[in-house]
Amino acid sequence: MLEKLFGSVTPYFQNKRIALEIRKQLPGFNTRSYNYREWSNYNWTEKGEEWTDSAEWKRTLIENTLSKYFQPQKDILEIGPGAGRWSVMLATIANSLTLVDLTSESLHVCRQRLASFSHCKFYQTDGRNLSFIAADSIDYVWSFDVFVHIAPADTEAYIHSLSSILRKGGIAIIHYPAYGGYKGGFRSSTTNHFFQTILTKYGFRILEQLDSWGDKNIHTVKAHNDLITVFEKV
């Protein structure tokens, strides 16, 4: 209430709330029920490209992450495809592409967009559980603009699931908030310290972390203090 009353004057109460969420690993705004309501009613007319800074931003991100670590004809999982912003590209290189999302609306859009690809599978998840995917069946995982809105406890549940479904040597690339949402954007209270801790806990090794890329690192995810981490099952 204090944050709402004084937020236009000072960020003091917002920062106090965020600090509490980080310390207690609370979901903040980003409960599963909140995310379900938010994304069930979202207008996907722009196909998720409203969050793409530019065509060059997207192309060079693919070059510096996906094309660098994902080999063709492998089994790929995408968590939170939205309207298929990355899914078409993933489908063109995959042996199989599994898409999981919290909302049926998103999966409906993706089914239409990926209708020409027969090797895609679609599943609705509860926002933390991937037990319906067979153990040791996935080579690569991609998730962008998704974990930035997932609460710490649910993020840990997903990472735990990945430790089962990824094959040994499998690689995941996940975009998430590094500092618990201090720069707004309805980011969850996940931090890089927390994310690194759970990766170690569940047997993963970090290969790379980046928040900028491209010529002279001109492209970034720094607007909300986000981070992209590439990690491997060992």
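The values are calculated or read from the model by the stated rules, or taken from the named source; none is laboratory data. Fair warning: this is a prediction, and the values are worked out from it, not measured in the lab. Cβ coordinates were reconstructed from backbone atoms using ideal geometry, including for glycine residues, and neighbour counts include every protein chain displayed.
If the condition is being among the basic types (Lys, Arg) and part of a strand (DSSP E or B), then region 195-234 contributes 205, 233.
In region 111-120 there is no residue matching the filter, namely being of a type outside the set (A, V, I, L, M), buried (at least 17 other Cβ atoms within 10 Å of the Cβ) and closer than 21 Å to residue 229 by Cβ. Considering the conditions (1) modelled with pLDDT under 95; (2) crowded, with 16+ Cβ neighbours inside 10 Å; (3) in contact with a helix residue (DSSP H, G or I) (Cβ under 7 Å, 6 or more places away or on another chain), residue 2 is excluded by exactly one of them, (2).
The set of residues from region 92-110 being crowded, with 21+ Cβ neighbours inside 10 Å and acidic (Asp, Glu) comprises just one member, 101.
Taking the criterion of being among the acidic types (Asp, Glu) and either at positive phi or surrounded by 14 or more Cβ atoms within 10 Å (Cβ to Cβ) (or both), the only residue of region 209-222 that qualifies is 211. May I ask you to list the residues in region 175-214 that are more than 16 Å from residue 66 (Cα to Cα) and either without any contact (Cβ under 8 Å) to a residue 40 or more places away in the chain or among the basic types (Lys, Arg) (or both)? Hits for region 175-214 are 183, 185, 187, 192, 193, 196, 197, 200, 201, 205. Would region 178-194 turn up any residue that is within 28 Å of residue 73 (Cα to Cα) and of a type outside the set (Lys, Arg)? The answer is no, given that none of the residues of region 178-194 is within 28 Å of residue 73 (Cα to Cα) and of a type outside the set (Lys, Arg). Against the definition (touching a Phe, Trp or Tyr at 6+ places or on another chain (Cβ under 9 Å), without any contact (Cβ under 8 Å) to a residue 12 or more places away in the chain and not β-branched (Val, Ile, Thr)), how does residue 144 come out, yes or no? Here the answer is no, as residue 144 does not meet what is asked. The criterion of at least 1 residues that are small (Gly, Ala, Ser) is met, among strands (runs of 3 or more DSSP E) falling completely within region 29-126, by 96-101.
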